[in-house]
Structure formats: structure tokens, C-alpha cells
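The values are calculated or read from the model by the stated rules, or taken from the named source; none is laboratory data. Since the model is a prediction, treat every value here as computed from it, not as a measurement. Glycine also receives a Cβ, built like all others from the backbone with ideal geometry; neighbour counts cover every protein chain displayed.
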């Protein structure tokens, strides 16, 4: 057993800068590490079987070069970055990888991984329907069941009700701790920066769930007791959009006289807001992942089977959770960001901006190509946006 | 109330990707002088030189300038500026100073294009195209080079026709190939040039339509100096556009007016004197050393 020399926020920073740090140690000690892409593979099943779930992210500072051999260039650069890192051997500590059909490229990523990366002996793709209607939930439950059978075989172990219950409780505890961490940014000024927040969330996504929970408890204790606080700034912003697994955007925004106090992103709230509800069975998992995670890849249709489509009702059923966040975190502006070629998020933007307009929340939409170098023009736009809030 | 700065002046300096501009205004916001020149590679040195030229043109010294705001792509490289504000806010301010009723402003510079929505003289929304030089001043320069023409001459020639050729590609490289092949097909030069302007206008109007175009529309930036471009813009938009006498300087003019507003704010808060003393000492040293 290797004992970490750092604690709390410095431990989070350490793992953020070297994400494989702890899982490489665990692997040496005989643990199996299972990577997962996006939010839809149920991590509870991975944990319950004694495997370590490891959220796979890309690397914005690594130019994409190897991926060109196996993918076209006009698709999601975040997913391209993952396959690029895989081809370069940077995920060679993974024993398996699980993906889901969250979007078409998300699906082909897993197929390419199986065919070209080859490092991991276990690969599995979960099909995910695109609406939250009842028959879709039932179908998704079937998909979770076949994932369960496949990974049981790989782990050489059966998933019992008891093991699943324990894992659900541990992951729910993690979600509760994350929500506590977010509560610390409700004050003005917030008690931690969005940069620290992202580092902590990425760190716990790279640790076994119990170690992640311990880290969260340390971090919350540290933040509550420290005397230095982030300064009060002109704007309290919400950041929306797909995965941004890097602090650079938050640094850019916070340097421009704004605190990011809440987000609706795949690294942040979307990953941790919803709990699995008792009884902790596969149906509860299907419900949690397909219905309760609020990602635009699933269409939350309020007018299903109604003859008249009501636009306002539709917007409200899709976005009212954002309205709640805006009120609770006292937000006065929103930055909508998306990675280039993400049609899932791109199509959502006009509706969401309209919805924010009706709430009186000014917003800006920025698109980036998932590289740290491309952020300079974004800086001017963010600064100009903040100037309009004067 | 403002007697501390009542006979002082305020400057704005706009370091753009291609051209740099500076303007000075008096305590009523009236412009006294402006200067324009190419940016080059040495932003800092050039910012100093531009400021010297501006002062000599206006017959002022640095001590007469109460507050300086820098803007534009190179705004961080103006060591003597009191504050930096983005070119989007500055352009909106400058355009509104010249056309108080303005609701939409379209600016095409050397390497970017922007659309500003302005309400009561303030920037309320904007969009920029800054990922690629297609449809910007650089695109026109490359076209002029390809054809061996001067930019002004290109504009004049394009006005001779009412039947522009359709240019499909907007990538700077592909469009040049398309122009060459149209020439070899025997299309007339004025028709091709008019087509080039229409293609650029179409691209930026697409951006503008996302924000909803409201009249009056003001067209600025180096590209607005081109008569062919102005005509194409009006054709594609379907409404007349207003062009300032000197379309390059709305950014630095806005910065100068914002400098005046900013200094007044400091005076009101009783913070001006301290700020100025500190700034003037720093600026003198910096400015003096580098202008030698």
C-alpha cells in the first residue's frame, strides 16, 4: 500500500496533473482498472465487482496526431483526443474500457479502441436510447443487464444484490459530497474557485469511489477552515456545455473578473447531481442514467403523444433545472461553451439562449477546438461579454 | 466637479492585427486628432511611436493626457495604458459617438469580422469570426496581389458592373484558384471583383443575421474603406449602410471616450490624483526610455 504524502486540495491537484497516478499503483497491487467514456456506463456495477472505474478524458495540451490514422478530422476533437492518447499508449494502465452510444462518435470511439488500441482486453459498448420515454428506459435496462453479464465474466465474479446496493450507496455518498462542495460556492465570494472545483472533480473521477469520498471530505474540511478566500468579483457565472476536462477555460474566465459559481457540464454537475434511488436494482440504474442525468444527448420531451406542441412548456421541461441553479447560486450571466463539431450541444444552443433571455440572464456562446492554444480569441469574447454586464 | 481634469485630454490606442490607430479627445469627448499606421511585429515599440505621433499631431505632451485606454488584438502590449478594454466594447462606443442612433455595427478588419448590437450607445450583444481570415481584409489583399491590382483600384473596377460572377468558395486559398479559373474562362474582371465582394458580404451578413439586423446599420473597419465592398454590403443586406468618414478609427475613438468616462469616474470617487501620479511616473519612465 502506497501512502499519499499530500492531502486535500494539493492531493487533488497532484492527481489532476497526473491522472493515472493512483490507478497505476492500484494496478501494481493487483486491481483491475476499467476506463469509461462519458457519463452513461453505470460505474456502480464496475465498483461493485471490485474493479476500479476510471473516467477517461482527453488532453487539451497534446496535439492530435496519431488519431488521424483511424478517424476523420471533422468530428469531436475531445473524443479524437482520447483515441489519440490511446494509440500513443497513454492509457496502458487500463484493463478494460466501457463506452456508450451517447453520440455517434462516442460509439465509434469504442469500436476504434477495440480494433486499433488493443491494450485493454475488455471492451464493451452500451447502447443508449435518445429519449426518456418509458419503453426507452426498459430497453436501456436490458442494455445494462447485458453489460453486467459481460463484465461479470471479465471480473470472474457475480454481481449480487448486496454488492450492488453497497456500491450504489458509496457512489450516492460521493454525489452528496460533491453537492456539498458546490454549496460552498453559493456565497459571495464563493469559498473555492472553479479551478479548484474542476481539479477536485477530475481527481475523484480518477480514484476508487471510497478514496474519492475520503478526498472530498478532506477538501471540504480544508476549504471550510482556510482563511484565504477567492476575491469577490463583478460577475457570478454559470458555465454550460459538454466536457471541459481542463482548468484553462476557468482560469481565463476567473482572470477576467468573474467567478464561475455553478456549471451544467459533464465534468461537473451532470456527473454528480442525480442519485440512484432505492431499491438499488438495474431498473433504478436505468432510471438514474437515462432519465435523471440532464444531458442534451437525451431529449426530455414534455409533449410526447400530445397533438399540440407547446414551445414554452417544452423549453421549461428541458431547462428548468438550469433555472433553479441560477436562482440558488445567484448567477448573473452564462457562458455556453461547446467543442467544435458537437451537434448534440450545438442544436441545443439557440433554444437555451432563448430560455436564458426569458429569465433575464445574458449569455454568450463560444466554441473551441479542444486545444489550450485556441483559447486566445475566446479570451477577448469573454472579456467583452463581461464588459456588457457593467 | 471635474476641474481636476477639465483642461486635460484622453487617448485611445487600438493595436489591431494589421493596422494600429490612436485618437485623442477633449473633456467633452470631441476628437482632436487621430493617427493610423501598420502594426508590424513589434507591438510595444510601435505603440510608443504611435502615441508620440498622436501627441505631436495634436500639439500635446503626455502630461496633458489624463487617461489612456488600449484596445484591439495587441491591447496588452501598450505599457503606458491605464486600462485595457476589448475592441468590441470600444468599437460600439466609437460607432455610437459618430452615429448615436446606431443599432447594428458591422466591422471587418485585417483578420477578423465582428457584428455588434448596440442599444442606447452601449454594446449589448456581439458575434465574431476570428478563426480564419476568410472574408476579411486579408482575403482582399491576397486577391489584389493575385490580380496585380491596388485595393482602391479593385473597388473602383467592381463598381463598373451590375452582374457579379458567383464565387462559391470563401477559403482564401480556394477562392484565389476560383478567381484564376473564372478569368481563364473569359469572365470579365469587374464581374469577378464584384463577385468577390458579394462573397465576403454574404459571409459576414450570415453572422449578422444570427443577431438580427436592425437599422441603422454602420459599417466600419479597414474593409469599409472600399467602395465596392460597401455596395456589396448594401446589396446583400438589402438596406443602406452608414460608413464613417474614417472607418478605421471607431475603435480608438471609442477607447478615448471610454478613457474620459473612466477618468471622470475616478475623479468622482476621489481616486484620480493618486492614480495619475503613480501612472505618470511609471509611464514617463517607460515612454521616455523606449522612444529614444
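Quick notes on this structure:
- Tally, over region A:273-291, of residues that are over 23 Å from residue A:182 (Cβ atoms) and either outside any helix (DSSP H, G or I) or free of Cβ contacts under 8 Å to residues at least 40 places away in the same chain (or both): 4
- Tally of residues being within 21 Å of the chain's Cα centre (by Cα) and either over 21 Å from residue B:77 (Cα atoms) or outside the structural domain of residue B:8 (by TED's automatic domain parsing) (or both) across region B:41-67: 2
- Any hit, region A:359-369, residues being closer than 26 Å to residue B:75 by Cβ and touching a residue at least 60 places away in the same chain (Cβ under 8 Å): yes
- Residue A:303 being part of a loop (DSSP other than H, G, I, E, B), over 14 Å from the mean Cα position of the chain (by Cα) and at negative phi: yes
- Within region B:63-88, being part of a helix (DSSP H, G or I) and either within 14 Å of residue A:384 (Cβ to Cβ) or touching a helix residue (DSSP H, G or I) at 6+ places or on another chain (Cβ under 6 Å) (or both) holds for B:75, B:77, B:87, B:88.
- Residue within region B:81-94 that is farther than 23 Å from residue B:200 by Cβ, more than 13 Å from chain A (Cβ to nearest Cβ), buried (at least 19 other Cβ atoms within 10 Å of the Cβ) and in contact (Cβ under 8 Å) with a residue 60 or more places away in the chain present: yes
- Among residues of region B:6-19, those that are at pLDDT below 90 and either crowded, with 20+ Cβ neighbours inside 10 Å or under 19 Å from residue B:85 (Cα atoms) (or both), counted: 4
- For region B:228-249, a tally of residues being closer than 26 Å to residue B:22 by Cβ, in contact (Cβ under 8 Å) with a residue 40 or more places away in the chain and not in a loop (DSSP other than H, G, I, E, B) returns 3.
- Qualifying residue in region B:50-59 (condition: crowded, with 21+ Cβ neighbours inside 10 Å, more than 14 Å from chain A (Cβ to nearest Cβ) and in contact (Cβ under 8 Å) with a residue 60 or more places away in the chain): yes
- Taken over region B:109-163, the residue count meeting the criterion of being touching a strand residue (DSSP E or B) at 6+ places or on another chain (Cβ under 8 Å), more than 14 Å from chain A (Cβ to nearest Cβ) and not in a loop (DSSP other than H, G, I, E, B) is 1.
- Checklist (1) outside any loop (DSSP other than H, G, I, E, B); (2) at pLDDT 95 or above applied to residue A:30, failing item: (1)
- Residue in region A:123-138 that is surrounded by fewer than 22 Cβ atoms within 10 Å (Cβ to Cβ), assigned by TED's automatic domain parsing to the domain that holds residue A:56 and without any contact (Cβ under 8 Å) to a residue 24 or more places away in the chain present: yes
- Condition check for residue B:106: crowded, with 19+ Cβ neighbours inside 10 Å and within 14 Å of chain A (Cβ to nearest Cβ): no
- Criterion (modelled with pLDDT under 95, assigned to a loop (DSSP other than H, G, I, E, B) and either on the phi < 0 side of the Ramachandran plot or within 14 Å of chain B (Cβ to nearest Cβ) (or both)) met by exactly one of A:294, A:379: A:294
- Among residues of region A:355-375, those that are facing another protein chain (nearest Cβ under 9 Å) and part of a helix (DSSP H, G or I), counted: 1
- Of the set (1) more than 9 Å from chain B (Cβ to nearest Cβ); (2) modelled with pLDDT under 95; (3) crowded, with 20+ Cβ neighbours inside 10 Å; (4) farther than 22 Å from residue A:74 by Cα, all apply to residue A:352 but (2).
- Qualifying residue in region A:47-69 (condition: within 26 Å of residue A:268 (Cα to Cα) and assigned to a helix (DSSP H, G or I)): yes
- For region B:206-225, the set of residues classified as assigned to a helix (DSSP H, G or I) and in contact with a strand residue (DSSP E or B) (Cβ under 8 Å, 6 or more places away or on another chain) consists of B:207, B:208, B:210, B:211, B:222, B:223, B:224, listed by residue number.
- For residue B:36: the one exception among (1) out of contact with any helix residue (DSSP H, G or I) (no Cβ under 8 Å at 6 or more places or on another chain); (2) within 14 Å of chain A (Cβ to nearest Cβ): (2)
- Filtered residues of region A:327-340 (kept if outside any strand (DSSP E or B) and surrounded by 19 or more Cβ atoms within 10 Å (Cβ to Cβ)): A:329, A:331
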